[in-house]
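Coordinate-derived values only; no laboratory data. Here the structure is a predicted model, which means the values were calculated and not measured. For neighbour counting, all protein chains shown are included, and Cβ atoms are generated from backbone atoms with ideal geometry for every residue, glycine included.
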Amino acid sequence: MRTDQLMTIQISEKSFEWLKSKYTAVDTMNAEVYRTFLAEDCQLMFGNNPIVQCNNEIIGGIKHFWDTIGGLDHSFKSILGYDHHFAVEALIDYTRNDNQIVSIPCVTLIERNNEGLATFVKIFIDITPIFQY
């Protein structure tokens, strides 16, 4: 996870640290660490897939997706909003299973509860280029 191209940030330092840690878990493909950032009843919308309704289902889906790629690395561009509801603009470098890297823009909306856990994560992305050989 990189922040060297981050142009705008509107959340507190504490929330920014939370966000960086969450994306470090994603970029290292560590599902159990990622789980610690989610409320038990968290919902996830990923691209045009149906909304996933709970923490365990989210982790299962993420593990399945990670099995189809060689890796990923987020580079933040902008973070807009407030500590409990914000949008993250990023460029994601996906390593395909043939070791080619595909860069895809993404915007993620994150809603958090009073405990700071994600209650809804909405990922707006088209991952089709990852699987076009």
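Structural remarks
- Leu19 being in contact with a helix residue (DSSP H, G or I) (Cβ under 7 Å, 6 or more places away or on another chain) and surrounded by 16 or more Cβ atoms within 10 Å (Cβ to Cβ): no
- Candidates are the residues of the stretch 76-133 that are among the acidic types (Asp, Glu) and out of contact with any Asp or Glu (no Cβ under 6 Å at 6 or more places or on another chain); the one that is nearest to Tyr23 (Cα to Cα) is Glu89.
- Taking the stretch 12-65 as the range and being over 17 Å from Thr119 (Cβ atoms), among the hydrophobic types (A, V, I, L, M, F, W, C) and out of contact with any Lys or Arg (no Cβ under 8 Å at 6 or more places or on another chain) as the test, the residues that pass are Phe16, Ala25, Val26, Met29, Val33, Phe65.
- Elements of type strands (runs of 3 or more DSSP E) contained in the stretch 61-133, each with 3 or more residues being touching a residue at least 12 places away in the same chain (Cβ under 8 Å) and among the small types (Gly, Ala, Ser): 71-82
- Just one residue in the set Asp73, Asp27 is surrounded by 13 or more Cβ atoms within 10 Å (Cβ to Cβ), within 26 Å of Asn99 (Cβ to Cβ) and touching a Leu at 6+ places or on another chain (Cβ under 7 Å); that residue is Asp27.
- Check on Gly60, under 25 Å from Glu40 (Cβ atoms), of a type in the set (Gly, Ala, Ser) and surrounded by 15 or more Cβ atoms within 10 Å (Cβ to Cβ): no
- The single condition among (1) touching a helix residue (DSSP H, G or I) at 6+ places or on another chain (Cβ under 6 Å); (2) surrounded by 15 or more Cβ atoms within 10 Å (Cβ to Cβ); (3) not charged (D, E, K, R) that Val33 does not meet is (2).
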